[in-house]
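One structure is given below, encoded as C-alpha cells.
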Amino acid sequence: MYDNILVPTDGSETAEVAVEHAVEMAKRYEATLHTLYVVDIDAVNFSLGTEQLDRLKSGGLDEMDDVKEGAEEATGRVADRASEEGVDVVEEVRAGTPHDTIVKYAENNGIDVIVMGSHGRGGVKRALLGSVAERVLRTTHLPVFVVDVEE
Amino acid sequence: MSLAYVLQSGLLPEGLNVSFKPLPGVLVAAMLLLFLVIGYVFKISDTEGMWVAGRSIGNIENGMAIGANWMSAASYLGMAALIATSGIYGLAFVVGWTANFFLILIFLAAQLRRFGKYTAPDFVGDRFNSDTARALAAITTFLIGFVYSIGQARGMGLVGLYIFGDIGIPGLTGYQSMVVLMMTITVAYLALSGMLGATKNMAVQFTILIVAFLAGVFVVGWVNGYSTLLPQIQYGALINDLSAEFAEPFGNFDGFYIWIATAFSLIVGTAGLPHVLVRFYTVENERTARWSTVWGLFFICLLYWSAPAFAAFGTDLYAENIGPVYGEGGMATEAADVIVVLAAQLSNLPTWFVGLVAAGGIAAAIATTAGLFIAGSSAISHDIYTNIVNPDATQREQIIVGRLSVVALGALTTLAALDPAAPIAALVSYAFSLAGSVLFPMFFLGLWWENANRQGAIAGMVSGLVLWSVPMINEVVPTYGLLGGETLSPALATWMPAIGSALIVTPVVFIVTIAVSYATPEPPKETKRIVRQCHSPKRMKRQQTAEDIVTDGGEDPADD
C-alpha cells in the first residue's frame with residue numbers, strides 16, 4: 001500500500017518524533033523512506049539577507065557551507081535511523097517555501113504518504129508561526145500522517 | 001482657513017497644496033502593488049533547478065540593484081534640499097556620495113567577493129575570530145539601520161503628506177500620521193517576507209526612481225524655460241540670478257571645515273555600510289563585483305548630475321512664487337526636503353506628473369529601507385541569535401527573530417521620525433559617520449593588513465562607537481528635548497560635528513586598531529593566509545572563496 005514514504009525534516013525535535021513513526025511505517029511496508037530538508041527562503045531572507053536568495057537561485061548552495069551542512073546533518077540523522085532498521089532511504093535538499101516544496105516533491109516523486117511532526121500550538125503562537133503540517137494538509141490530496149508533539 | 005491648513009498639515013508650505021490627490025494616490029498604490037507582485041513571483045518561481053549553476057545576475061542588473069539600494073530619500077529628496085538651502089555645502093553630498101564608490105571599487109568589492117560570507121558582521125566575526133567582535137559589528141549594523149531609516153521615514157512622511165493629504169490619526173499631525181502609515185506599510189511588507197530587496201525588485205525600483213527624477217528635471221527645466229536638452233549643465237545660467245547663499249563658495253572658514261568633514265564621512269561611511277557591501281559577497285565572481293560597482297556608480301551619477309539643477313530650478317521657483325528662500329521667514333527645512341516635488345508643483349504641471357515625481361521619492365525610500373531593515377534583521381537573527389545565543393536555532397526560530405527585529409526597527413524608526421532632529425540628508429549622515437567610524441576600518445584593515453587581530457578589532461570598534469556617540473549626544477539627543485534641549489558644547493559641535501564626525505573618529509580607530517594589534521599576539525596563520533588570498537593578484541575561479549583555496553591546501557598565496 002505504501003511504497004514511498006516522505007518525512008520532511010528541519011532538524012528540530014518535533015521532526016525527529018515523526019521520524020520514528022516514519023521509519024516504523026517504512027519497515028512494516030518495506031517502503032523507501034524519502035527525507036527532505038527544505039532550505040526555507042524566508043529564513044534565508046531574514047537571517048542571511050535577500051542577496052543570498054539570488055545566490056541560491058543561481059546555483060550557489062555549494063558555497064553556502066553552513067546552510068548546506070545544517071541541511072545534510074538533518075537528513076543524515078534520518079538516514080542513519082533508517083539504516084539501523086534496514087530501511088532504504090533517499091535524502092533530498094531543496095529550497096523554497098516549506099509546505100509548497102514538500103507537496104511538490106511528494107507529487108513528483110510518487111510519494112504515498114507524508115509523515116510530519118507538528119507542535120500542538122494554539123492561539124497566539126499558532127497565529128504567529130502557522131504550522132507547516134497544517135499547510136501541507138490543506139495543499140495536497142495525498143494522505144498526511146501528523147504526529148502531534150505536546151510541549 | 002489657509003493658515004489653519006498650514007498648521008494642520010504641519011510643516012509643508014501652502015504652495016504645495018496638501019490634500020488628497022486621486023491620480024498620484026493611485027500611482028503610488030499601483031507602484032506598491034507592483035513591488036508586491038514581483039516579490040511574490042520571485043518567491044514562488046521554481047527553485048528546483050538550482051543545484052545546477054543557473055542563471056546568474058549580470059553587471060547591469062547588479063548595478064541597478066546597487067543604485068536602488070543605495071539611493072534613498074536622502075539622494076532623491078535630501079540632496080537637492082541641502083543644495084537649495086545651503087548652496088555649495090550641499091555639493092559635499094554630491095561629491096562624497098559618488099567618490100565613495102571608488103573606495104569600494106578599488107579596495108573592497110572584489111576582495112569581499114573573495115571572502116564570500118553572508119552578512120557584514122560575519123566578516124568581522126570570522127576575520128577576527130571573535131564572537132565579541134561579531135556582536136559589536138551586529139549591534140552597529142542594527143544601529144545604522146535605525147539611524148539611517150529615520151531620514152527615510154521623514155522623506156516618506158513628507159511626500160506621502162503631499163499625495164494623500166492629512167489622514168488625521170487622532171493626536172498626531174498630518175505629517176506624523178503619514179510617517180506612521182508609510183512605515184506601517186513598509187514594515188508589514190517586509191515582515192510578511194516581502195522580497196523588496198530581491199534584485200529584480202531593486203531593478204524595478206531603480207527604474208521608477210530614475211525615470212521619475214529625470215523626467216522631473218527635464219520637464220521642469222523645459223516648461224519654465226530654464227533649459228532644453230541638458231538641464232544638468234544649463235542650470236548654470238541661473239547661478240547669477242540666485243542668491244549669494246546658493247552660489248557663493250566657501251563664504252567662511254567654518255564652512256570649509258564642515259564641508260571636508262561631511263564629504264570625508266560620507267565617503268568612508270559608504271565603504272562601511274552593511275546593506276551596500278553584502279551584495280559583493282554574492283555576485284558571480286570578482287570581475288562581476290568590479291563591473292557591477294562601475295555600473296552602479298554610473299546609474300547613481302544619472303541622478304546626482306541632475307540634483308543640483310533640480311535644486312536650482314526649485315529655489316528660483318520658490319523665490320518667485322512663495323517668498324524669500326533665505327534668511328528670516330525663508331524656506332523651512334521641511335519645504336526644502338520636498339523641493340523636488342515642489343518644483344514640479346510650482347511649474348503648474350498636471351497632478352499625475354507631480355505624483356510621478358513624488359512616487360519616485362517613495363520608491364527610493366522604500367528600496368533603501370528594505371535593504372537596511374533586512375541587514376538589521378540578519379545582524380540580529382543570524383549573527384547574534386544563531387551564531388552566539390542559540391547555535392541550534394531552527395529555521396523557524398530564525399524567521400521569528402528576524403521578523404521581530406524588523407518590527408522593532410520599524411517601531412524605533414517611526415518614533416524617532418515623528419519629530420525628526422534634522423533634514424533628511426543630515427539624519428542620514430549620522431548613520432554614515434557611524435559606519436565610517438566603526439565598520440569601515442574593520443573591513444579595510446581586515447582585508448588589507450593581515451596582522452590586524454581580535455584585540456585590535458575590539459578596541460577599535462569600541463572606541464569608534466564611543467567616539468561616534470559623543471557628538472550625537474552633544475548635538476542630536478538635545479533636539480529631542482532631552483539634556484536641556486540645547487547643544488551641550490558648541491565648540492565641540494564645530495570641530496567634531498555629528499554630520500561629519502568620521503573625519504576625526506576614523507583615523508583614531510585606525511590608530512587604536514593598529515596599535516593594539518601590534519601590542520598583542522599576531523592572528524593565527526590560517527587567518528593571515530585567508531587575508532593574503534583576498535588581495536592576492538592571482539585570479540580565482542568562479543564562485544571560489546579565499547577560504548576554499550586556503551583549506552584546500554597548496555602553497556602560500558603570493559603576498560603583494
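The values are calculated or read from the model by the stated rules, or taken from the named source; none is laboratory data. Because the structure is predicted, anything quoted here is derived from the model rather than measured. Cβ placement follows ideal geometry from the backbone for every residue including glycine, while neighbour counts extend to all protein chains displayed.
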Tell me which of these residue B:218 doesn't satisfy, since it passes every other one: (1) part of a loop (DSSP other than H, G, I, E, B); (2) closer than 16 Å to residue B:314 by Cα.
-> (1)
Can you find a residue in the stretch B:157-168 that is farther than 30 Å from residue B:525 by Cα, away from every other protein chain (no Cβ under 14 Å), crowded, with 24+ Cβ neighbours inside 10 Å and charged (D, E, K, R)?
-> no
Might you check whether a residue that is part of a strand (DSSP E or B) and facing chain B (nearest Cβ under 7 Å) occurs anywhere in the stretch A:55-72?
-> no
By residue number, the members of the stretch B:289-320 that are among the acidic types (Asp, Glu) and within 16 Å of residue B:337 (Cα to Cα) are B:316
Could we say that residue B:512 is touching a Gly at 6+ places or on another chain (Cβ under 6 Å), outside any loop (DSSP other than H, G, I, E, B) and touching a residue at least 12 places away in the same chain (Cβ under 8 Å) here?
-> yes
Restricting attention to the stretch B:531-540, and to residues there that are at pLDDT below 75 and in contact with a helix residue (DSSP H, G or I) (Cβ under 9 Å, 6 or more places away or on another chain), which single residue is farthest from the other protein chains (Cβ to nearest Cβ)?
-> B:539
The residue from B:167, B:88 that alone is in a loop (DSSP other than H, G, I, E, B) and at pLDDT below 90 is B:167
Does the stretch A:30-54 hold any residues that are surrounded by 23 or more Cβ atoms within 10 Å (Cβ to Cβ), more than 7 Å from every other protein chain (Cβ to nearest Cβ) and among the polar types (S, T, N, Q), and which are they?
-> A:35
Only one of these is out of contact with any helix residue (DSSP H, G or I) (no Cβ under 9 Å at 6 or more places or on another chain) and either within 11 Å of another protein chain (Cβ to nearest Cβ) or surrounded by fewer than 24 Cβ atoms within 10 Å (Cβ to Cβ) (or both): B:106, B:139. Name it.
-> B:106
Is it the case that some residue within the stretch B:419-435 is surrounded by fewer than 21 Cβ atoms within 10 Å (Cβ to Cβ) and over 21 Å from residue B:269 (Cβ atoms)?
-> yes
When the stretch B:390-405 is examined, which residues are found to be closer than 14 Å to residue A:48 by Cα and either assigned to a helix (DSSP H, G or I) or more than 7 Å from chain A (Cβ to nearest Cβ) (or both)?
-> B:393, B:395, B:396, B:397, B:398, B:399, B:400, B:401, B:402, B:403, B:405
Across the stretch B:332-352, what is the number of residues that are closer than 16 Å to residue B:90 by Cα and in contact with a Phe, Trp or Tyr (Cβ under 6 Å, 6 or more places away or on another chain)?
-> 1
Hey, residue B:374 more than 14 Å from chain A (Cβ to nearest Cβ) and either over 16 Å from the mean Cα position of the chain (by Cα) or modelled with pLDDT of 90 or more (or both) or not = no
Selection status of residue B:82, crowded, with 24+ Cβ neighbours inside 10 Å, more than 14 Å from chain A (Cβ to nearest Cβ) and assigned to a helix (DSSP H, G or I) | yes
Quick one: which residue in B:367, B:408 is more than 10 Å from chain A (Cβ to nearest Cβ) and either over 23 Å from residue B:31 (Cβ atoms) or touching a His at 6+ places or on another chain (Cβ under 7 Å) (or both)?
-> B:408
Residue list for the stretch A:12-54, restricted to those being closer than 30 Å to residue B:63 by Cα and assigned to a helix (DSSP H, G or I) = A:41, A:42, A:43, A:44, A:45, A:46, A:47, A:48, A:51, A:52, A:53, A:54
Scanning the stretch B:300-324 for residues that are crowded, with 22+ Cβ neighbours inside 10 Å and more than 19 Å from residue B:225 (Cβ to Cβ), which turns out farthest from the chain's Cα centre (by Cα)?
-> B:307
Residue B:459: within 19 Å of residue B:517 (Cβ to Cβ) and more than 25 Å from the chain's Cα centre (by Cα), yes or no?
-> yes
Qualifying positions in the stretch B:470-494 - free of Cβ contacts under 8 Å to residues at least 12 places away in the same chain and of a type outside the set (Asp, Glu) | B:477, B:478, B:481, B:482, B:483, B:484, B:485, B:490, B:491
